[in-house]
Amino acid sequence: MQTIFINFIVPGSWEEMSDKQLRYVYQLLADNFGTDEIKTLFLLKWSGTKVIGRQESGSYLVKLGKNLFELTPLTLTELLVNLDWLGATPTSPVRPSKMNRRQALAADFQGVPFETFIVCDNYFQGYLQTQQDYLLDEIGRVVYQDEKLKFLPWQRIAIFYWMVALKDLFARQFPEFFQPAGSASDGNLLGTTPSSVEASMNAQIRALTKGDVTKEAEVLALDTWRALTELNAQAREYKELNAKMQSK
């Protein structure tokens, strides 16, 4: 009997996935496949493994390259552990670089005007509150730079995952400014939780312009990361000042 060692070569994270692989996973999500089903289908498809049939023992007869072998449920379970990351949202922004032949903005919004981020964040916050799909479509038209684009369910999922990962990145990169929902306090630059998305947007602009409306256009044109860096610094300074005042 000959022992055959098989290597299943697949991406190790969301960030390593190609556009085709991203589309494949988002389509499976749109089709309501479960996490283990998605991991199994992804493993087989992108490792180049073809299922030939199923044995009475419950094992799968599969082919990888020129090798024909049995894949037991136990072995499959052990392999799927390496794809557990598919069961969570990305830890950094990823997205198909093109959608409906339209080029996407930078995944992490570096080099993107702050005004564009504000618009997308407004739509995203609105979606979280209402679950209205048209709001994801609006984000898609902004980030794929075409106001006439229409989106399929898997494309909306791609946009949602992108925004979730982007906000998570910003929360880690700018922790003083991006505080968890409901955690607003005197140490928060905004002071209290805004009663609306519009109020939050206006508060951000006022913080950067320091009340000078003549600087609004200049602020909106800032690079997103530059604007958030400044807002984060202001939030930290406000928090430190407030702490000093309370200690007196």
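Assorted remarks:
- Theoretical gain in end-to-end length, Asn32 to Arg226 [0.36 nm per residue, Cα-Cα removed]: 65.9 nm
- Per residue, the accessible area of the stretch 27-182 comes to 54 Å² when a 1.4 Å probe rolls over the protein heavy atoms.
- At full extension, Ser13 and Lys45 could sit 9.9 nm farther apart than now, given 0.36 nm per residue minus the alpha carbon distance.
- Spacing of the modelled spin labels on Val81 and Glu218, each 7 Å from Cα toward Cβ, amounts to 5.8 nm.
- On the basis of the beta-carbon distance and an R0 of 51 Å, Phe69 and Ser92 show a calculated FRET efficiency of 0.90.
- Note on Gln55 and Lys20: with the Förster distance fixed at 30 Å, the Cβ-Cβ geometry gives a FRET efficiency of about 0.45.
- Cβ-derived FRET efficiency at R0 41 Å, Ser247 paired with Lys148, nearest 0.05: 0.15
- The stretch 76-142: Cα Rg divided by the 2.2 N^0.38 Å rule of thumb: 1.41
- Exposure of Met17 as accessible area (Å², to 10), given a probe of 1.4 Å and all protein chains: 20
- In nm, spacing of pseudo-spin labels at Thr130 and Val164 (7 Å Cα→C-beta vector): 2.1
- Within-15-Å neighbourhood charge of Gly111 [Cβ basis; K, R +1; D, E -1]: -2
- Applying a DSSP loop filter and a limit of 16 other Cβ atoms within 10 Å to the trypsin sites (Lys or Arg not before Pro) in the stretch 87-138 leaves Arg101.
The values are calculated or read from the model by the stated rules, or taken from the named source; none is laboratory data. What you see is a predicted model; the values in this text were computed from it and never measured. So basically every Cβ, Gly included, is an ideal-geometry build from the backbone, and we count neighbours across all protein chains shown. Accessible surface is based on the protein model in full, side chains and every heavy atom, while ligands, DNA and RNA are left aside. Shrake-Rupley method; radii C 1.70, N 1.55, O 1.52, S 1.80 Å.
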